[in-house]
Amino acid sequence: MAFDIDMIKKVYSNMVERVDAARDIVGKPLTLSEKILYSHLWEGMPDKAFTRGKDYVDFAPDRVACQDATAQMALLQFMQAGKHKVAVPTTVHCDHLIQAKNGAASDLQHAINTSNEVFNFLESVSNKYGIGFWKPGAGIIHQVVLENYAFPGGMMIGTDSHTVNAGGLGMVAVGVGGADAVDVMAGMAWELKFPKLIGVRLTGKLSGWTAPKDVILRVADILTVKGGTGAIVEYFGPGATAMSCTGKGTICNMGAEIGATTSTFGYDESMERYLRSTDRADVADEANKIKNYLTGDEEVYANPEHYFDQVIDINLSELGPLLNGPFTPDLSTNVGKEMTEKAKANDWPIKVEWGLIGSCTNSSYEDLSRASSIAQQALDKGVKIKSELGINPGSEQVRYTAERDGILQIFEKLDAKIFTNACGPCIGQWARYEDPKNAPKNSIVHSFNRNFAKRADGNPNTHAFVASPELTAAIALAGRLDFNPMTDALISENGEEVMLDEPTGWELPPKGFDVKDNGYLAPMKDGSGVEVKVASDSERLQLLTPFEPIGDSITGAKLLIKAYGKCTTDHISMAGPWLRFRGHLDNIANNTLIGAVNAFGKKTNFVKNQLTGEFGGVPDTARAYKAAGIKSIVVGDHNYGEGSSREHAAMQPRHLGVAAVIVKSFARIHETNLKKQGMLGLTFANESDYDLIQEDDTFNFLDLNEFAPDKQLTIEVVHADGSKDTIKVNHTYNQAQIDWYNEGSALNKIKRENAA
């Protein structure tokens, strides 16, 4: 039986009349995305049509999911909100603080030994406030959500950018910052700009070496890392309905890599099969009653150009296996000849040292079974694996079932390391090197979603390529980036040339899923007696002090850093070893922007302190300005803040005295996070003004006292020689968001309203 079945029934009971009303108001057939959005309005019944990409809308999500790294700050904030229990079903999943090194058992025990303080904190807060708690080792948040909580037609938010994985079960699931999650947990509306809509029509059928992963790798190639910004990507067509539910999840998962608000698929038989297989027949039965409301209207899919802002056509029968990378998930290359040519031209290391299978993107039973079919062929044909191989099962249910069915044993016979059911290398939790910064140039291939520099192992020289699990397994066998399993032979230990057969696998386990202990702890019905303790001398956890308003007069602010090129949330607040400080704002602030490249000198963590004329680290310089009572400014390039949803990337600069971030363009989640923390997130009205900013600049805001929606702000930039440039900057703040700024943060406003 499903979790929260009564809530799901309520959603479905409201959906029919709300969608019918929305269709009348909009005056045309609706996409699935629109049906879910209009049926989850905060005010209930729709009474107006919203303009895509313009109107800010209040929504009422059905549930919230948090992973342990981001949950710390989210729950620390929720503790200040004045509530006794979460207003919507909420879960916490311990999957980020487990480092991959020696193998599942020892790595899990090491995590418990080193992070027990954090796990105990999360468990106690969950118990106190009615939150479901998934223990360390239970699984990766997004796979666990897909198996237990996702449901067609629902809306959820999560404190991780890959929350979008739940679109594989027909949800609108959006990654947000912890402050957004706190709003919903506290019973407040969740605000989102009504998304634009991108339709992807899938025709033909996947076959051979081509996998669902290749669909999103191609979409990323088409749209680039920012092409989906502000939009929901909705997949449809015969190729979509023919795909497995977990395959759909893979595609939706990596929608985060194109900046999309989320991605989704209409309800179909593959979703029904998955629901029934994961012990949620009750959800499938309810969904079947209104299944026409859980997918786009027929007219929409018949003539998508009339209903979507952009339509992309992909013929799956013509799609081949792809490798995306290195250093960005949207650089797509066909296996074989094209990869060989690109690798030689760009001096990419041909030798592949590691193949990694798993992560929230590709860790389902189907993924492991298809990859194991390649591994089994190596055993049968006498091929010795040339690369190291690592496996991260997605959940204890997947791991237990895969072990029961002999899948994991196949990998182990190839000397693969079976890591904990956790994120591991995908988020930088991989103890690969003693000294990552000085590690050698090399290539790895993985089935993860992100491959930014230093992402997996901290080594800036690691060239990481993204592929399907089955292709990852094949390339690991060959040990070469230029290997094409469709045309190239492998040499067996007997010296014979052998070809790999096409991968095979099971959409769902033939014997059904099974698990002994799934790792779930239900909260107490009444947690009022639970005491949450945080030691005053803790290095891992720190109770929060509310931010003071920045005010309507910013003068004499100093440039902290002018970031050059790509500046993701990994650059602003690194993961890896820094994850241990995710619950301690002052300690984790010591990594603020240390990965960003300074436009002056092109070095990282090396900026000029205008008070002393000396150069030093970004956090140290920011602290010096703050100690002197001087506000600071960060300047950035395009798509600033892309990547993970981590709100720390906004909270840390705020804590260190940064008043405004001025960039060419923002990634959606990061811009919202800045707003939530009471900061100014601004964009150059003229992008070329970025070039005007000099190393010793001081900023005076001339009309901040007139801060209002749709009104540009004017900034005087004073250079070291006394000359000045006056520039205009744009913003997307509405009045409610301006109120957050005036209050000092969105949380400050929530606290005041709850106290009233």
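Would you kindly state how much longer the chain becomes between R273 and D586 on full extension, computed as 0.36 nm times their sequence separation minus their alpha carbon distance, in nm to one decimal?
The R273-D586 span can extend by a further 107.9 nm.
Ranked by accessible surface with a 1.4 Å probe, highest first, in what order do K205, K226, K608 come?
Of K205, K226, K608, the descending order of accessible area is K205, K226, K608.
For q values of 0.13, 0.20, 0.25 Å⁻¹, compute log₁₀ I(q)/I(0) with the Debye formula on a Cα-only model of region 282-373, without solvent.
The Debye formula, applied to the Cα set alone, gives -0.83, -1.15, -1.25.
Shape verdict for region 483-552, please, from the Cα gyration tensor: rounded (a/c under 1.5), prolate (a/b greater than b/c) or oblate.
Prolate is the answer for region 483-552, as a/c is 1.5 or above and a/b outweighs b/c.
How much net charge surrounds M339 when only other residues with a Cβ under 12 Å from its Cβ are counted (Lys, Arg +1; Asp, Glu -1)?
Residues close to M339 contribute a combined charge of 0.
Just by accessible area at a 1.4 angstrom probe, what is the order of T333, T295 from largest to smallest?
Largest accessible area first, the residues go T295, T333.
Of G336, Y365, I290, whose Cα points farthest to the positive end of the dipole of region 233-391 (charges on the beta-carbon: +1 Lys, Arg; -1 Asp, Glu; origin at the Cα centre)?
Positive-most Cα among the choices belongs to G336.
For K226, give me every one of the aspartates and glutamates with a C-alpha distance below 14 angstrom, ignoring sequence neighbours fewer than eight places off in its own chain.
E257, D330, D637, E642, E671
Antiparallel DSSP bridges in the chain: what percent, to the nearest 5?
Here the share of antiparallel DSSP bridges comes out near 35 percent.
For K386, go through the aspartates and glutamates and keep the ones whose alpha-carbon is under 14 Å away, minus same-chain ones fewer than eight residues off.
Cross-link targets: E353, D415, D482, E493.
With charges only on Cβ, +1 for K and R and -1 for D and E, what is the dipole size of the chain about its Cα centre, in debye, rounded to 20?
With Lys and Arg at +1 and Asp and Glu at -1, about 960 debye.
So if I place +1 on the C-beta of Lys and Arg and -1 on the C-beta of Asp and Glu, and nothing else carries charge, what would the dipole magnitude of region 288-436 be about its Cα centre? I want it in debye, nearest 20.
Roughly 720 debye, rounded to the nearest 20.
Which of the three applies to region 511-606, rounded, prolate or oblate, going by the alpha-carbon gyration tensor with a ≥ b ≥ c and a/c under 1.5 meaning rounded?
Judged from the Cα gyration tensor, region 511-606 comes out oblate (a/c at least 1.5, b/c at or above a/b).
Do you know the relative contact order of the chain, to the nearest whole percent, from alpha carbon pairs under 8 angstrom that are 6+ apart?
14
Which whole-number percent gives the relative contact order of region 545-637, counting Cα pairs below 8 Å spaced six or more residues apart?
Here the relative contact order equals 38 percent.
Is it possible to state the helix-based mean residue ellipticity at 222 nm for the chain, with each DSSP H run of 4+ residues giving -39500 (n - 2.57), the sum divided by total residues, to the nearest 500 deg cm²/dmol? What is it?
Mean residue ellipticity at 222 nm (helix-derived): -9000 deg cm²/dmol.
Rank H96, H110 by accessible area, highest first, at a 1.4 Å probe radius?
H110, H96
Region 609-721: Rg/Rh from Cα coordinates, Kirkwood Rh?
0.94
Each label point is 7 Å from the Cα along the Cα-to-Cβ direction; what then is the distance between the points at A302 and E338, in nm?
3.5
Assuming a ≥ b ≥ c are the square roots of the Cα gyration tensor eigenvalues, decide whether region 138-253 counts as rounded (a/c under 1.5), prolate (otherwise, with a/b larger than b/c) or oblate.
Verdict is prolate for region 138-253.
Given Cα pairs under 8 Å that are at least 6 residues apart, what percent is the relative contact order of region 334-462?
Relative contact order comes out at 31 percent.
About its Cα centre, what dipole magnitude does region 612-723 give when the only charges are +1 on Lys and Arg Cβ and -1 on Asp and Glu Cβ, stated in debye to the nearest 20?
Magnitude of the dipole: close to 720 debye.
Going by average Cβ density within 10 Å per residue, which order do the peptides 339-352, 374-387, 7-20 take, highest to lowest?
374-387, 7-20, 339-352
The values are calculated or read from the model by the stated rules, or taken from the named source; none is laboratory data. This is a predicted model, so every value here is computed, not measured. Cβ: placed from backbone, ideal geometry, glycine included. Neighbour counts: every protein chain shown. To get the accessible areas, we keep the full protein, side chains included, count just its heavy atoms, and leave off ligands, DNA and RNA. Shrake-Rupley method; radii C 1.70, N 1.55, O 1.52, S 1.80 Å.
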